[in-house]
Each structure stands twice: as structure tokens, then as C-alpha cells.
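Asker: Structure in C-alpha cells, see below.
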Amino acid sequence: MMHNPLRPTSPLRLVDAPPEPSSAVPEATIRVENLSIVFDVPRGQVIAVDRVSLAVMPGEFVSLVGPSGCGKSTLLNAMAGLERPFEGEVMVAGKPMLAPRPDIGMVFQQPHLFPWKSVRRNIAHGPRALGKSRTEALRIADDLIDMIGLTKFASAYPHTLSGGMQQRVAIARALANQPRVLLMDEPFGALDAQTRAVMQDNLLELRDRINATIVFVTHDIDEAILLSDRVLIMSAGPGRILRDLSAGLPRPRSSAILTDPAYLALKRDCLDLIRTEGRKAFEQMETVT
Ligand SMILES: Nc1ncnc2c1ncn2[C@@H]1O[C@H](COP(=O)(O)OP(=O)(O)OP(=O)(O)O)[C@@H](O)[C@H]1O
Ligand SMILES: [Mg+2]
């Protein structure tokens with residue numbers, strides 16, 4: 001039977017997830033239905049995503065957590081219209097995702113900046129492409145440059161920045177389009193702990209301001225719980241969603257929550273689950289070999 005993450009059976013849930021959408025509730029911003037993505041490789045085929053169904057409601061912040069190679073990036077790329085379904089479909093704001101769209105922002109694991117443009121012009125590029133005046137686009141860019149703490153580097157070119165600084169520019173560039181959906185693939189993975197904490201706080205603050213729907217991939221369970229309304233835990237490949245844990249912590253949220261008993265309880269549940277599932281995956285591997 002198809003696993004439906006909207007109907008989890010886990011005793012670990014602390015609060016109820018949003019009800020399954022029906023005609024009585026708002027339509028999901030992102031709806032993934034029975035999605036499978038398969039890659040052809042020299043030795044045959046790899047099932048990167050295996051019959052995944054999930055819904056992300058308007059304004060929700062959902063994190064995907066799982067071991068390396070479990071299909072997180074592939075699932076996120078499918079939401080961005082960068083991977084075609086082998087089976088099933090991905091609907092964003094009511095339309096199938098067959099190609100990237102400007103109302104859907106993506107931050108990749110690597111920054112992918114325009115090397116020939118300054119920081120300021122990299123960030124202003126999206127608003128300009130969407131028809132904003134030069135002055136307005138540069139104003140948006142300057143606000144975001146202040147937010148990411150790179151005011152002194154506004155005129156610098158990407159190759160003169162560190163990897164972490166480049167990634168901050170990539171995040172600002174995605175935010176500049178004021179996307180209704182923001183897809184973030186380990187966006188803080190390359191940052192040092194201090195910068196990462198600042199960026200997490202900035203993202204929380206910004207999220208409360210722009211009310212975008214966000215799907216965020218991370219290996220870091222603290223980061224997932226701190227930022228998210230829901231944490232989806234994926235199994236080792238082929239990619240499936242094992243559990244849908246509702247964070248259910250109060251908003252607006254800040255890093256002060258890291259010492260909150262409800263937060264610590266949720267973290268313990270997540271870690272137990274990841275450990276148990278990791279052990280299961282390991283035992284299955286031993287049985288196969
Ligand atoms: N373009 C591709 N061609 C062939 N196989 C691919 C391709 N992209 C991904 N895969 C395979 O699909 C599976 C899922 O990969 P994916 O990059 O989605 O994992 P991930 O969970 O994002 O991993 P990580 O945490 O390391 O970023 C892996 O087995 C990977 O080798
Ligand atoms: Mg990945």
C-alpha cells in the first residue's frame with residue numbers, strides 16, 4: 001500500500017498535523033502525488049524517489065531530513081520543475097511543475113552565482129527580469145545585502161568571496177523575487193556555525209514577514225526543528241517518507257527555543273527515530289549481502 005505521510009501512525013507526534021486537504025480547507029501550495037523519480041545509470045536504474053505523496057499548506061515551513069543519497073535533492077528538484085516525474089505528479093499553486101517558474105525560488109547546495117556580475121547585480125537580476133525598475137531592483141538588493149551582512153562587499157565579484165559568503169548571496173538572490181515558494185537545499189551546509197546561526201535567525205524573521213511556503217533540506221535535526229512547522233524524515237534509498245513530525249512549537253520562534261522542554265522532547269523523538277531507522281536500514285543491508 002502506498003505510504004501516505006499525511007496519515008502517519010507514529011506515536012512520536014506531539015501535535016496534530018494540518019488536516020488532509022479537502023474542499024473545506026485551503027488548497028495545498030505544494031502537492032506531491034505518488035511521485036517516483038528513476039535515473040538511468042550504466043548498471044541499470046536507480047529509484048531516487050519512491051512513490052512519495054505529501055502536501056505543503058500555504059505559508060507552511062517543512063523540512064526534509066534524511067541520510068545522504070536518500071533522494072532529498074531529487075524530491076526538491078522535482079518541486080522546482082527541474083526533474084520530471086517517472087510516475088505521479090507535482091503540483092505547485094494548482095499547476096503541474098514541468099519547468100522552473102519565477103514565483104518558485106530555489107537555493108542549491110552550491111551557490112551558482114553569475115560570475116560576471118557583482119553581488120549587488122546578482123541579487124538585483126531577478127527583480128529586473130520580473131520588470132522592476134533599476135532603482136527598485138537595486139533598493140531590494142541593498143536591503144538584502146544588509147541582511148546577509150555583506151554591505152562592504154556589494155560591489156565585489158563572486159570569485160573574490162568565500163564559499164559561505166557566496167552562499168549568502170545565493171540566498172539573497174532567491175529572496176529578491178519575493179517568491180511564494182522557496183525551496184532550499186542545505187542552504188547553510190557550507191557556512192560556519194556562527195554565520196549559520198545568524199542566517200537561521202534571519203530566515204525565521206524573514207519567514208514571518210514574507211509568509212512564503214518553504215521546503216528546506218538539511219542534515220541538521222536542530223536546524224530542522226528550529227525552523228519548521230513539520231519535519232519529514234526520509235528513509236535511506238530508495239527515497240520514501242518515513243514519518244511526518246509536527247514541530248508544533250510557538251511562533252514567532254527564535255534560537256531561545258533551543259532550551260524549551262517541548263523542543264528538547266521533539267528533538268529526542270527525532271533522534272530516536274533516525275537512530276532506529278538507521279539501524280533497520282543497516283540490518284536490511286546485512287540480510288541482503
Ligand atoms: N542525475 C542523476 N543520475 C543518476 N543518479 C542520480 C542522479 N541524481 C541523483 N541520483 C541518485 O539518486 C539518489 C538520490 O540522490 P539525491 O542527490 O537526491 O540524494 P540526497 O538525499 O540529496 O543526498 P545528499 O544528502 O548527499 O545531498 C542517489 O542514489 C543518487 O546517486
Ligand atoms: Mg542533496
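The values are calculated or read from the model by the stated rules, or taken from the named source; none is laboratory data. Given the structure is predicted, the values throughout are model-derived calculations rather than measurements. Glycine also receives a Cβ, built like all others from the backbone with ideal geometry; neighbour counts cover every protein chain displayed. SASA here: full protein model, heavy atoms, side chains in, ligands and nucleic acids out. Shrake-Rupley method; radii C 1.70, N 1.55, O 1.52, S 1.80 Å.
Asker: Report the local net charge at residue 220: Lys and Arg +1, Asp and Glu -1, summed over other residues whose C-beta lies under 12 Å from its C-beta.
Answerer: Value of the local net charge: -1.
Asker: Each residue of region 37-44 in order: what ³J(HN,Hα) in whole Hz does its phi give by Karplus 6.51 cos²θ - 1.76 cosθ + 1.60, θ = phi - 60°, with x for Gly and Pro?
Answerer: Whole-Hz 3J(HN,Hα) from phi for region 37-44: 10, 10, 10, 7, 10, x, 8, x.
Asker: With θ taken as phi - 60° and the coefficients 6.51, -1.76 and 1.60, list the Karplus ³J(HN,Hα) couplings across region 57-65 in order, rounded to whole Hz; mark glycine and proline as x.
Answerer: Using θ = phi - 60°, the values come out as 7, x, x, 7, 10, 10, 9, 10, 10 Hz.
Asker: For a quick protection proxy, order the peptides 150-157, 136-143, 175-182 by their average other-Cβ count within 10 Å, most packed first.
Answerer: Ranked from most to least packed, the peptides come out as 175-182, 136-143, 150-157.
Asker: Need one word for region 134-189: rounded, prolate or oblate. Basis is the Cα gyration tensor (sqrt eigenvalues a ≥ b ≥ c); a/c below 1.5 gives rounded, then a/b vs b/c decides.
Answerer: Here region 134-189 falls in the oblate category.
Asker: Taking the mean number of other Cβ atoms within 10 Å as a proxy for protection, how do you rank 86-94, 44-52 from highest to lowest?
Answerer: The packing order, highest mean first, is 44-52, 86-94.
Asker: Let me ask another. Around residue 62, what is the net charge, scoring Lys/Arg as +1 and Asp/Glu as -1 over all other residues with Cβ under 10 Å from its Cβ?
Answerer: Here the count lands on -2.
Asker: In addition: Can you tell me what share of the DSSP beta bridges in the chain is antiparallel? A percent to the nearest 5 is fine. List each step's numbers first, then the result.
Answerer: Values: 21 of 40 bridges.
The antiparallel proportion sits near 50 percent.
Asker: In a shell of Cβ-Cβ distance under 10 Å around residue 157, excluding residue 157 itself, what net charge do Lys and Arg (+1) and Asp and Glu (-1) give?
Answerer: Numbers: positive: 117, 121; negative: none.
Charge balance in the 10 Å sphere: +2.
Asker: For region 174-215, what ratio Rg/Rh do Cα atoms give with a Kirkwood hydrodynamic radius?
Answerer: 0.97
Asker: Follow-up question, since we're still on this one. Probe radius 1.4 Å, ligands and nucleic acids ignored: give me the carbon and sulfur share of the accessible area of region 126-231 as a rounded percent.
Answerer: Result for region 126-231: 48 percent of the exposed heavy-atom area is carbon or sulfur.
Asker: Short version: ³J(HN,Hα) in whole Hz for each residue of region 239-244, in order, from phi by Karplus 6.51 cos²θ - 1.76 cosθ + 1.60 (θ = phi - 60°), x for Gly and Pro, what are they?
Answerer: These are the phi-based 3J(HN,Hα) values: x, 9, 9, 7, 8, 10 Hz.
Asker: Could you sort 205, 60, 83, 27 by accessible area so the largest value comes first, with the probe set to 1.4 Å?
Answerer: Descending order: 27, 205, 83, 60.
Asker: When the helix-only estimate is applied to the chain (DSSP H runs of n ≥ 4, each -39,500 (n - 2.57), divided by the residue count), what is the mean residue ellipticity at 222 nm, nearest 500 deg cm²/dmol?
Answerer: -11000 deg cm²/dmol
Asker: When ligands, DNA and RNA are left out and all protein chains stay put, how many square angstrom of accessible area per residue does region 137-196 have with a 1.4 Å probe?
Answerer: Per-residue accessible area for region 137-196 comes out at 42 Å².
Asker: Taking N as the number of residues in the chain, what is its Cα Rg relative to 2.2 N^0.38 Å?
Answerer: 1.01
Asker: Please report, for the Cα atoms of region 227-266, the Rg to one decimal and the Dmax as a whole number; what are they, in angstrom?
Answerer: Expressed in Å, the Cα Rg and Dmax of region 227-266 come to 12.4, 36.
Asker: Just the accessible area per residue of region 25-93, please: how many Å² with a 1.4 Å probe?
Answerer: 40 Å²
Asker: Which three lengths, in whole Å and largest first, does region 207-247 cover when its Cα atoms are put on their principal axes?
Answerer: Result for region 207-247: principal-axis Cα extents of 36, 18, 16 Å.
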